[in-house]
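Report on the structure given below.
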Amino acid sequence: MDDRSTVPIDVQRLFYVGNLAIFMIGLGFAVRANIAGDIQANIFDPLDLTHSASMVGEVIGATFSGFALTLLFGSAIVDLIGIKRMISLSAFGYITGSLIVLAVSLAQPGPYSYWLILIGFLLTGLGWGAVEAGTNPMVAALYPDEKTHRLNILHAWWPAGIVVGGLLGLAFDALGLPWQTDLALLIVPSAVLAWLALRSSFPVTERVAAGVSNTDMFLEILRAPGFWIWFGCMMLTATSELAPGQWVDLTLSNVVGMQGILLLVYVSAIMFVMRHFAGPIARRFTPVGLLWWSSLLAALGLYTLSLADSPATAFAAATIWAVGVCYMYPTMLACVAERYPRGGAWLMGLMGFAAGLAIQFVLPQMGAVFDAAKLEAAGGAQALATLSGPALDAVVRYASIESFQVVSLVPLLLLPVFGIIWLRERRTQRR
């Protein structure tokens, strides 16, 4: 049925559809973290050993480019094509993109391997953006008085997907299954999501229900210049959460004596639980106050994660980071939805666009920092090519520390911004 169908809306069913969609993109996040090292070792190292880490960062960054592009344009037209079609398109992107990367991985590395993998990841990114463009305004419309709480619960299923994907990836490794099995896994929830979306009736967004025209929605960005402050902050919060999460397995596996994906699973489990309690916490500190504390803990967690040299210290640092980044993304969306309701799905989409845009640039830079640190520690490209065993592990350890210490500076930039907004809101409430 179309979004404008007269069939009654089943709110609980749609919330489950949204949860599955967010679960799917979390699963995709874990799959990329699982296979990043395999793609580098089996495809990019034979093509260009010196720049292979940068190549991994670029193809993974393409996922975030697709995510950003879909949100930029998809959120502007979601009211025209309907939430149903938007979510169905997301499933198509994940299925097609996964099949392309799977096909490339089964062939010998060649001159087109890099570009095909980049296209495959780009398509999954387009699917990711379509999920966000459809589910975020849908939940805001279903729960207009509980945006912060309900959006946090919705996005709790993102880390749930990471937990399932990470643990299944470890199980596949233990069973001796090829790493391509992770890609095949991603196709299953995508197909289920497409089936459910086609059989459900969806609501119109808040903006449409309120009778605000498309023109007024687009003009809201000019009437509310304060939105751009939130846009810039979203770039920084996304960098604090998403970039390290996508990089943790590749960089830490050889540093703390354990598979980095275990840290990602652990962090995601914490996030899944804590996001269910966002409502009461936000009422205690206000949403902006929650963002201030989140930024402080994120910076501390990332810095201590860079110093981790054992499983125990890695888990301790990851706990701090997880608590810090847990509420950032959904609370940022809720803050914008509550402050600029006339902006509708488009302003919420622009926030996601900001996140994807930031990661597109940050991941390759993390790869570049990693590669430069490798060369510095090894004494040059020729020396690096001759290293193996403990000597190569020492080089990777040094490069990992450099990568995480650089990104740990990002959430510190948010403290004065959120602090000023928080203080202004408290003064306004006292009046």
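The values are calculated or read from the model by the stated rules, or taken from the named source; none is laboratory data. Bear in mind the structure is a predicted one, so any value in this text is a computation, not a measurement. Counting neighbours? That spans all protein chains shown, and the Cβs are built from the backbone with ideal geometry, glycine included. Quick note on the areas: whole protein, heavy atoms, side chains included, nothing else; ligands and nucleic acids left out. Shrake-Rupley method; radii C 1.70, N 1.55, O 1.52, S 1.80 Å.
Some values worked out for this structure:
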item: Pair list, Cβ under 9 Å, 6 or more apart: the range 60-78 residue without any contact (Cβ under 8 Å) to a residue 40 or more places away in the chain, other residue outside any helix (DSSP H, G or I); result: none
item: So residue 208, is it under 27 Å from residue 287 (Cβ atoms), assigned to a loop (DSSP other than H, G, I, E, B) and at pLDDT below 90; result: no
item: Checking residue 144 against (1) under 17 Å from residue 352 (Cβ atoms); (2) surrounded by fewer than 19 Cβ atoms within 10 Å (Cβ to Cβ), the condition it does not meet; result: (1)
item: Every residue from the range 337-362 that is over 17 Å from residue 67 (Cβ atoms) and surrounded by fewer than 24 Cβ atoms within 10 Å (Cβ to Cβ); result: 338, 339, 340, 341, 342
item: Residues satisfying the stated conditions in the range 377-391, i.e. open to solvent by 30 Å² or more (accessible area, probe 1.4 Å) and free of Cβ contacts under 8 Å to residues at least 12 places away in the same chain; result: 379, 382, 383, 386, 387, 388, 389, 390, 391
item: Boolean, residue 203 is farther than 20 Å from residue 72 by Cβ, in contact with a Ser or Thr (Cβ under 9 Å, 6 or more places away or on another chain) and either in a helix (DSSP H, G or I) or at pLDDT 85 or above (or both); result: no
item: Residue identified as out of contact with any Pro (no Cβ under 6 Å at 6 or more places or on another chain) and buried (at least 18 other Cβ atoms within 10 Å of the Cβ) among 173, 182; result: 182
item: Filtered residue count, the range 322-334, keeping only those that are assigned to a helix (DSSP H, G or I) and open to solvent by less than 10 Å² (accessible area, probe 1.4 Å); result: 9
item: Every pair of residues 6+ apart whose Cβ atoms lie under 8 Å, when the first sits in the range 91-119 and is closer than 20 Å to residue 364 by Cα while the second is surrounded by fewer than 17 Cβ atoms within 10 Å (Cβ to Cβ); result: 113/47; 113/107; 114/47; 116/103
item: The lone exception for residue 304 - which of (1) open to solvent by less than 30 Å² (accessible area, probe 1.4 Å); (2) at pLDDT 85 or above; (3) among the polar types (S, T, N, Q) it fails; result: (1)
item: The range 91-107 - residue that is within 10 Å of residue 180 (Cβ to Cβ) and open to solvent by 50 Å² or more (accessible area, probe 1.4 Å) and, of those, modelled with the lowest pLDDT; result: 106
